[in-house]
Amino acid sequence: QVQLVESGGGLVQAGGSLRVSCAASGNIFSIIYTAWFRQSPGEQREFVASINSGGLTNYADSVKGRFTISRDNAKNTVALQMNSLKPEDTAVYYCKAVGTQVYWGQGTQVTVSS
């Protein structure tokens, strides 16, 4: 089993920055890749960014050039640095880890005001 806990969400003005983090515990050595997803009210959960065990990253077109995903193996965390935030980035951000099973965190709210 893997437990994921997100932190770092909050309220920021458009153009600002936020950093959200996902802390993993449990059987972390089974994790193949970790990703961030987000979900706005009334919308489907959508992919934001991912990083695999080799450090390869992937981003949704809507966040390329603005968001950066990174991993700290010593702290078992995966962070998402979000710059140049837009109101349409407002959502609950979820951490997802994939190994022998798929694990989700509880989410952290990010609100970008115009």
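Below are the figures for this structure:
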read-out	value
Accessible area per residue in Å² at 1.4 Å probe, computed on region 38-114	54 Å²
Portion, in percent, of the accessible area of the chain that falls on carbon or sulfur, probe 1.4 Å	49 percent
Two-site label geometry, N52 and L11: point separation in nm, points 7 Å out along Cα→Cβ	4.1 nm
Hypothetical label at N27: residues of region 37-79 whose amide nitrogen lies under 18 Å (7 Å Cα-Cβ projection)	53
Calculated FRET value between Q101 and R66, using beta carbons and R₀ = 30 Å, to 0.05	0.45
Cα gyration tensor shape for the chain, rounded if a/c is under 1.5, else prolate or oblate	prolate
Relative contact order of the chain, defined on C-alpha pairs under 8 angstrom at six or more residues apart (%)	37 percent
Förster radius 25 Å - calculated FRET efficiency between Q109 and A74 (Cβ-Cβ, nearest 0.05)	0.35
Dipole moment magnitude, nearest 20 debye, the chain about Cα centre, only Lys, Arg, Asp, Glu C-beta charged	180 debye
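The values are calculated or read from the model by the stated rules, or taken from the named source; none is laboratory data. Computed from a prediction, not measured in an experiment: that's the story for all the values here. All Cβ positions, glycine included, derive from the backbone under ideal geometry; neighbour counts span all protein chains shown. Ligands, DNA and RNA are stripped out before the accessible areas are found, and what is left, the full protein with its side chains, is counted by its heavy atoms. Shrake-Rupley method; radii C 1.70, N 1.55, O 1.52, S 1.80 Å.
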